[in-house]
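Following: one structure in structure tokens, then a few remarks.
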Amino acid sequence: MRRKRMHCNNKELHNRYKTKRRTKDLDQIQEDLKPENKSRLLNLPLDEDLPGLGQHYCVECAQFYIDDDTLVRHRRGREHKRRLRDLKDPAYTQKEAEAAAGLSTDNGRAVSSLFGPQSLLSLKRQNDAAAAKNQQMDVES
């Protein structure tokens, strides 16, 4: 008697599991790394549905962790370092995609540069500047 092979070629099942593990794209994460969004994500209210009540969040990887020790171990790991390396490059913009396809909207004028999300280093500088500004405001108060 032959076996039934239930999961081998079941595309519906395959797609369900593939989308279950889907994380944020790099351009969405670069938006989250901006100072105003990052502070909002790091100071979330308690949520019983999230691991660790939503208090231990890695912004670069868009993942919640159970406790601070697990988050620290994650930050030393290969996946986190790979994500940091991927985030150093700015995300592609719609202008870049159109230029690559040969569609340009420059109307004969020279295009100086294409604007897109900033690199991880410039976002870190902005975060540091915002934190220093907040500390100065706290001292003055």
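Considering each residue of segment 23-38, count those that are of a type in the set (D, E, K, R) and either open to solvent by less than 60 Å² (accessible area, probe 1.4 Å) or in a loop (DSSP other than H, G, I, E, B) (or both), and give that number.
Here the count works out to 5.
With respect to the numbered conditions (1) loosely packed, with under 13 Cβ neighbours inside 10 Å; (2) modelled with pLDDT under 90; (3) among the charged types (D, E, K, R), which one is the sole condition not fulfilled by residue 76?
(2)
Evaluate the following for residue 123: is it modelled with pLDDT under 90, open to solvent by less than 60 Å² (accessible area, probe 1.4 Å) and assigned to a helix (DSSP H, G or I)?
Taking the combined requirement at face value, the residue satisfies it.
Within 22 Å of residue 126 (Cα to Cα), aromatic (Phe, Trp, Tyr) and open to solvent by 90 Å² or more (accessible area, probe 1.4 Å): does that describe residue 17?
Here the answer is no, as residue 17 does not meet what is asked.
Please find, within segment 39-71, the residue that is farthest from residue 125 (Cα to Cα) out of those that are open to solvent by less than 50 Å² (accessible area, probe 1.4 Å) and outside any loop (DSSP other than H, G, I, E, B).
Only one residue tops the list, namely 52.
The values are calculated or read from the model by the stated rules, or taken from the named source; none is laboratory data. Keep in mind the model is a prediction, meaning the values are calculated, not measured. Positions of Cβ are generated from backbone atoms using ideal geometry, with glycine treated the same way; all protein chains shown enter the neighbour counts. For the accessible areas, the whole protein counts, side chains as well, though only heavy atoms, and no ligand, DNA or RNA atoms are used. Shrake-Rupley method; radii C 1.70, N 1.55, O 1.52, S 1.80 Å.
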